[in-house]
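Q: My structure is below; once you've seen it, I'll send some questions.
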Amino acid sequence: MTMRTLLTAAAIISSAFGVSQSPSGHDSFNSNVAPLALAGADAQLSAAFTALDQQANPVLPEPWAKADPADSLYRLAREALSRGDYKRAAEIFHGIPERYPQSAYTTSGQALYYEAFALYRSGDLNAARERLNQLKTRFPAMAKSDGASLLTRVCGELAKRGDESCAMSIDSTARGGSDVATRTGSQGRNCSPDADEDSDDRIAALNALLQMDAERAMPILQQVLARRDPCSVALRRKAVFLVSQKRTDQTANILMSVARSDPDQETREQAVFWLSQVPGSTGLLEEILKGSGDENIKEKALFSLSQQNEPRAQQALRDFATRETENSDLREKAIFWLGQNHSKDNTEFLRTLYSRLTNEDLKEKILFSLSQQKGAGNEQWLMNIAVNSKEDIELRKKALFWAGQSGVPISEIAQLYDRMSDSEMREAIIFALSQRQSDRTAIDKLFDIAKNEKDPELRKKAIFWLGQSRDPRVQQFLLDLINR
């Protein structure tokens, strides 16, 4: 499983559970709801690694000194940087202080800083470090903010390439003890739990550890995770992710320890979430489901189990789904994840569980989950629920909707209309037909209903949905109705 796939699935935890519940009012049904949820989740979770993208361009200030002699050079350099021509940008930025030492772009430190950034992006790391050291001497205010973060990035790359002094600096900064981290004192630090590498060079230092070998990085990360001071929350959250990316015998146990003992709720939740990336974590996740009273933690554990590629994890989800003492919302999530893993065992389990349940929300979740398992005979199973007069009417309507979305032949749905006497089910059939407008048979049946149905409300429904169709016959049909 790729990282992008994993993160996409993770986002569904919060979005798909609401999305998957087809609404009771047919006019608000949306056949594209599940695909849109997945697409939205993909976009949402792609942001999870934004803080790690150390290659992102900064937002350069707009030219602000139009009368300045260096303004045209700044514009050229800015344009080169924006199009990714970093070598050219570095050359132009370097020329500004040489040619115009009194320029506002020189005396503000902007030219020197962006020259360093362009050098960094072009791969000339030693030159970038040299410019940043000059920035520290000549423009200390800028060096303490943007310059410090960029220097940490540059040093992280150099450390990865074997620069021992940079490796020591990254180590010290990540632990919180270097001059870079302490020169402003604790009062000058960004203590926000949401701090990122643009506002806290310690975060940038931790990001650099991602490129280091596990033997060197893990002791630093463990030391960070052991901290409990208020200013370390953002560091611990970052460290949890980094630990999950280091494949060692201790990775799972470290994350589990965080999940049990970290004082920050989100850090604990993230530790459980990232266990999804660590093979062999099923036993630990089962412990969480059995021993934790925190529903948010359990929710993350259910997702992480869904990502474990072993039968035991699926069985753990099935066991949880049957546990009547658990919160029904969490049981719904277990059912959802079972539906996302297409297996004969899960299909049979969900069908059997449906017959035993009395909770309609859980039964509705099973209808949706089975509709996601194509090619397993679930389409006809859903149709059987739809025609079963002993079932709750709302569940029958939802079963019909998901059957239609699962590919039941439209002719079968059209024939069902004539056999069905219940007006609510007939209305549900009209809606199901309207969702398959590319099928001529569906439009033909709507024409038939609009012409021949005795119930005026049902005729109106059919006419309404025909009005939404692009079938070329509809215009003439509506005109004939108006002139009748």
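Q: Would you list the helices (runs of 4 or more DSSP H) that sit entirely within the range 273-357 and hold 3 or more residues that are out of contact with any helix residue (DSSP H, G or I) (no Cβ under 9 Å at 6 or more places or on another chain) and open to solvent by 10 Å² or more (accessible area, probe 1.4 Å)?
A: Qualifying helices (runs of 4 or more DSSP H): 344-356.
Q: Taking the range 125-160 as the region of interest, how many residues are of a type in the set (D, E, K, R), farther than 22 Å from L210 by Cβ and touching a residue at least 24 places away in the same chain (Cβ under 8 Å)?
A: Number satisfying all stated conditions: 2.
Here is a yes/no grid of residues against (1) closer than 26 Å to L353 by Cβ; (2) open to solvent by 10 Å² or more (accessible area, probe 1.4 Å); (3) of a type outside the set (A, V, I, L, M); (4) part of a helix (DSSP H, G or I):
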| site | (1), (2), (3), (4) |
| --- | --- |
| L382 | yes, no, no, yes |
| A386 | yes, no, no, yes |
| K390 | yes, yes, yes, no |
| L395 | yes, no, no, yes |
| K398 | yes, yes, yes, yes |
| S411 | no, yes, yes, yes |
| I430 | no, no, no, yes |
| S438 | no, yes, yes, no |
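Q: What are the residue pairs meeting all of these: first residue in the range 330-347, first residue of a type in the set (D, E, K, R), second residue outside any helix (DSSP H, G or I), Cβ atoms under 8 Å, and 6 or more apart or on different chains?
A: Here the result reads R331/R323; K344/A376, each pair linking the range 330-347 to a residue that is outside any helix (DSSP H, G or I).
Q: While we're on this one: Quick check on E364: is it in contact with a helix residue (DSSP H, G or I) (Cβ under 8 Å, 6 or more places away or on another chain), surrounded by fewer than 16 Cβ atoms within 10 Å (Cβ to Cβ), under 30 Å from E324 (Cβ atoms) and modelled with pLDDT of 95 or more?
A: For E364, the condition - in contact with a helix residue (DSSP H, G or I) (Cβ under 8 Å, 6 or more places away or on another chain), surrounded by fewer than 16 Cβ atoms within 10 Å (Cβ to Cβ), under 30 Å from E324 (Cβ atoms) and modelled with pLDDT of 95 or more - is not met.
Q: Of (1) open to solvent by 10 Å² or more (accessible area, probe 1.4 Å); (2) within 30 Å of E266 (Cβ to Cβ), G375 satisfies all except one. Which?
A: Of (1) open to solvent by 10 Å² or more (accessible area, probe 1.4 Å); (2) within 30 Å of E266 (Cβ to Cβ), only one is false for G375: (2).
Q: Can I ask one more? Here's a check for you: in the range 204-226, which residue that is open to solvent by 40 Å² or more (accessible area, probe 1.4 Å) and either β-branched (V, I, T) or without any contact (Cβ under 8 Å) to a residue 12 or more places away in the chain (or both) is farthest from G156 (Cα to Cα)?
A: Applying the filter and picking the extreme gives A226.
Q: Here's another thing I want to ask about it. Of all residues in the range 123-147, which are of a type in the set (G, A, S) and crowded, with 24+ Cβ neighbours inside 10 Å?
A: The answer is A128, G147.
Q: Continuing with this model, one more query. Say whether the condition of being crowded, with 17+ Cβ neighbours inside 10 Å and either touching a Cys at 6+ places or on another chain (Cβ under 9 Å) or in a loop (DSSP other than H, G, I, E, B) (or both) is met by at least one residue in the range 445-456.
A: yes
Q: From D229, D264, D249, grab the single residue that is surrounded by fewer than 22 Cβ atoms within 10 Å (Cβ to Cβ) and under 21 Å from G291 (Cβ atoms).
A: D264
The values are calculated or read from the model by the stated rules, or taken from the named source; none is laboratory data. Just so it is clear, the model here is predicted, and its values are computed rather than measured. Cβ: placed from backbone, ideal geometry, glycine included. Neighbour counts: every protein chain shown. Note: accessible area is taken over every heavy atom of the protein model, side chains too, but ligands, DNA and RNA are not part of it. Shrake-Rupley method; radii C 1.70, N 1.55, O 1.52, S 1.80 Å.
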